[in-house]
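Peer 1: Questions regarding the structure given below will be posed in turn.
Read the figures in this text as sums done on the coordinates, not as results from a lab. Computed from a predicted model, the values in this text were never measured in an experiment. Cβ placement follows ideal geometry from the backbone for every residue including glycine, while neighbour counts extend to all protein chains displayed.
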Amino acid sequence: NTGFFTFDPGYVSTASCSSNITYMDGENGILEYRGYPIEQLAKHSSYLETCYLLFYGELPDTKQLEDFETNINNHNMVHEALKSFYNGFRRDAHPMAIMMGVTGALSAFYHYNMDIHNKAHRERAMLRLIAKMPTIAAWSFRHAKGLPFIYPDSSLSYSENFLYMMFGVPTTPYVANPSHVKALDVLMILHADHEQNASTSTVRLSGSSDANPFAAVAAGVATLWGPAHGGANEAVIRMLQDIIDSGKPLEDFVARAKDPEDKFRLMGFGHRVYKAYDPRARIVHEICHDILRELPEDSPHKAMLDTAMKLEEVALSDDYFKSRNLYPNVDFYSGVIFLAMDIPLNMFTVMFAMARTIGWISQWNEMREDEQSRIGRPRQLYMGEATRDYVDISKR
Ligand code: SDX
């Protein structure tokens, strides 16, 4: 014990909360949004319809969905003054740093009479966030590339509009690859919410102090960035590329991941809750095949997917992983799809943040709806020094 707290895991109490939004069964690999299985939503729903479901609790009828989509389209521009925030970032700033900064800055534009106890105000915050996150995200990429910002085109679908703002060229018409639009929409459904994960818990905790919801969501962006959480999708690709470049057998890397002395872990493997295959990873894996089918046989993205699939096979045949119920999670295959869609590595977690925004703001809203909800205050187990008297510096 070097004076830092060392908890006996048996004592660590995990803060818990009740929620009606997302159900996970980690032992059986089940995930449901408001009671609907993730597999059915991925197959039949759209990201915006899933946003409606997560926030309001029910699937919309035709008129409700049309009104919701129109509302989102009416708010997908950002205040022109917000654009100048991007110029304050270096070109090589990580897009997640920009996302964190610009999302937090929204609280400077939309905090006027933001009464968090007012349902209409909370709904307005949700609409603004869902509408503006794709614009903020795409402009983070455009800034890094030194490209002109593309304004949203409300004639396009949500996911198509994002790809347009990412890859559009002002001088020529933009035509999105329909399989990329579909794949992105499904990936965003899969990443939309996930119960009380680290970033959602951060949004709930910061929101519990009556903080501005845009500031609370910026705190969620910061938490998601970590490679143990949302940053894993970027870390998986770096790991796969290192494996390919090394020319070493996959077994060497699986052996390193098992070595307690080696800090190396198989990124995209394991989960705090799932002790079975992450149901989202299965669906992402299928999308991989759909997207890569369009690519030439010698595409480096196919080699990347091939390496990932073989790595999964080697790891899941190893007792260390089987005995610890370590399976691929949502991040293991998602990066391969983003690469195949020409989305750069440092934008992967931005994609995750854009998709998870509805989960964060829906969970924040649920907490605010509960008039009994109080400021979060996790308890601690003090393991430090017993009471002692001050010693003058001359006697130390
Ligand atoms: C996300 O919470 C959510 O819902 C998150 C998320 C969401 O949608 O919000 O699902 C998104 O964050 C997915 C996870 C992305 N992170 C990674 O892929 C990073 C690699 N994974 C690990 O760092 C790890 O698995 C965690 C952080 C995800 C979970 O860590 P835990 O809780 O320590 O895992 P555990 O308790 O199940 O570990 C049991 C054992 C330990 O070894 P022993 O002490 O038993 O010897 O398994 C080992 C761990 O060291 N282990 C791994 C491993 N993950 C756990 N060993 C090698 N490689 C790994 N990836």
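Peer 1: Figure the gain on full extension for A81 and I30 (residue separation times 0.36 nm, minus the Cα-Cα span) and round it to one decimal in nm.
Peer 2: Numbers: separation 51, 0.36 × 51 = 18.36 nm, distance 4.38 nm.
Stretched fully, the A81-I30 segment lengthens by 14.0 nm.
Peer 1: Please compute the net charge surrounding Y86, taking Lys and Arg as +1 and Asp and Glu as -1 over other residues with Cβ under 13 Å from its Cβ. Please list the in-between numbers first.
Peer 2: On the way: positive: K83, R90, R91, R142, K145; negative: E80.
My count for the surroundings of Y86 gives +4.
Peer 1: Can you give the Rg/Rh ratio of the stretch 158-254, where Rg is from the C-alpha atoms and Rh is the Kirkwood radius?
Peer 2: Values: Rg = 18.4 Å, Rh = 16.7 Å.
So for the stretch 158-254, dividing Rg by the Kirkwood Rh gives 1.10.
Peer 1: A further question follows. Using a 7 Å offset from the Cα along the Cα-to-Cβ direction at both F149 and T387, what is the distance between the two label points in nm, to one decimal?
Peer 2: A separation of 5.8 nm, rounded to one decimal place.
Peer 1: Net charge within 14 Å of L106 by Cβ-Cβ distance, Lys/Arg positive one each and Asp/Glu negative one each, not counting L106 itself?
Peer 2: Residues close to L106 contribute a combined charge of +3.
Peer 1: Still on this structure, I have one more. If you build the Cα gyration tensor of the chain and take the root of 5 times each eigenvalue, what three semi-axes come out, in whole angstrom, biggest first?
Peer 2: Details: eigenvalues 211, 185, 99 Å².
Semi-axis lengths for the chain are 33, 30, 22 Å.
Peer 1: Considering the Cα trace of the stretch 219-331, what is its radius of gyration and what is Dmax, both in angstroms?
Peer 2: 14.3, 42
Peer 1: If we count other beta carbons within 10 Å of each Cβ, what is the order of R396, R238, R265, R122, fewest first?
Peer 2: Result, fewest neighbours first: R396, R238, R265, R122.
Peer 1: Quick one: plug the Kirkwood hydrodynamic radius of the stretch 121-166 (C-alpha pairs) into Stokes-Einstein at 20 °C, 1.002 mPa s, and report D in µm²/s.
Peer 2: On the way: Rh = 11.1 Å.
In µm²/s, the coefficient rounds to 193.
Peer 1: Quick check: residue separation of D252 and E286 times 0.36 nm, minus the Cα distance between them. What number comes out in nm?
Peer 2: Numbers: separation 34, 0.36 × 34 = 12.24 nm, distance 2.72 nm.
So the extension gain works out to 9.5 nm.
Peer 1: Quick one: K258, K248, K63, fewest Cβ neighbours within 10 Å first, how do they rank? Mind dumping the intermediate values first?
Peer 2: Values: K258 17, K248 12, K63 8.
In increasing order of surrounding Cβ atoms, one gets K63, K248, K258.
Peer 1: Run lengths n ≥ 4 of DSSP H only: what is the helix-derived mean residue ellipticity at 222 nm for the chain, with -39500 (n - 2.57) per run over all residues, to the nearest 500? Working shown, then result.
Peer 2: Working: 17 runs with 217 residues, N = 396.
It comes out at -17500 deg cm²/dmol, rounded to the nearest 500.
Peer 1: Which distance in Å, rounded to a whole number, links the C-alpha centroids of the stretch 312-335 and the stretch 127-190?
Peer 2: Each part reduced to its Cα centre gives a spacing of 32 Å.
Peer 1: For the stretch 317-377, how big is Rg over Rh, using alpha carbon atoms and the Kirkwood form of Rh?
Peer 2: Details: Rg = 18.0 Å, Rh = 15.1 Å.
Reported Rg/Rh (Cα atoms, Kirkwood Rh): 1.19.
Peer 1: Going by the alpha-carbon gyration tensor, a ≥ b ≥ c the square roots of its eigenvalues, is the stretch 300-344 rounded (a/c under 1.5) or, if a/c is not under 1.5, prolate (a/b greater than b/c) versus oblate? It would help to have the intermediate numbers written out before the result.
Peer 2: Working: a/c = 5.50, a/b = 2.12, b/c = 2.60.
Cα axes put the stretch 300-344 in the oblate bin.
Peer 1: Among T202, T103, rank each residue by its count of other Cβ atoms within 10 Å, from fewest to most, as a rough exposure measure.
Peer 2: Numbers: T202 21, T103 25.
Neighbour counts put them in this order, fewest first: T202, T103.
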